[in-house]
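Engineer: Okay, here's the structure, questions in a sec.
What follows draws every value from the coordinates through simple rules; no lab data is involved. Just so you know, these numbers come straight off a predicted model, no measurement behind them. Positions of Cβ are backbone-derived with ideal geometry, glycine not excepted, and every protein chain shown enters the neighbour counts.
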Amino acid sequence: MSVPASEGFSHPQPRPRLSVEELLAAKNTQPIRSLDDLAADTFESDEELEEFLAFTYAERRRDAA
């Protein structure tokens, strides 16, 4: 027995389309004013950064081979 395509399936209601400005306001974002706004202390030391870079470069070379 076949079931009509419209039965048993519910389609999500479309969300209202918001402008970029509305989306940013909803997230309470602020514009980037300088590169300092993007700065982050990701690595504990210069050595940790160097290890990460060496690993990243080695993986790129491995994948390219």
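Engineer: Between Tyr57 and Asp41, what is the label-point separation in nm under the 7 Å Cα-to-beta-carbon projection?
Structural biologist: If labels sit at Asp41 and Tyr57, their model points lie 2.7 nm apart.
Engineer: Also, quick follow-up: Return one quarter of the surface area of the convex hull spanned by the alpha-carbon atoms of the chain, equal to its mean projected area, in nm².
Structural biologist: Numbers: hull surface 48.2 nm².
The directionally averaged projection comes out at 12.1 nm².
Engineer: With everything on Cα atoms, drop me the angle between helix 46-64 and the longest principal axis of the chain, reported from 0 to 90° to the nearest 10.
Structural biologist: Around 60 degrees separate the two axes.
Engineer: Fully extended, how many nm does the chain gain between Ser19 and Ile32 (0.36 nm per residue separation, minus their Cα-Cα distance)?
Structural biologist: That works out to 2.8 nm of additional length.
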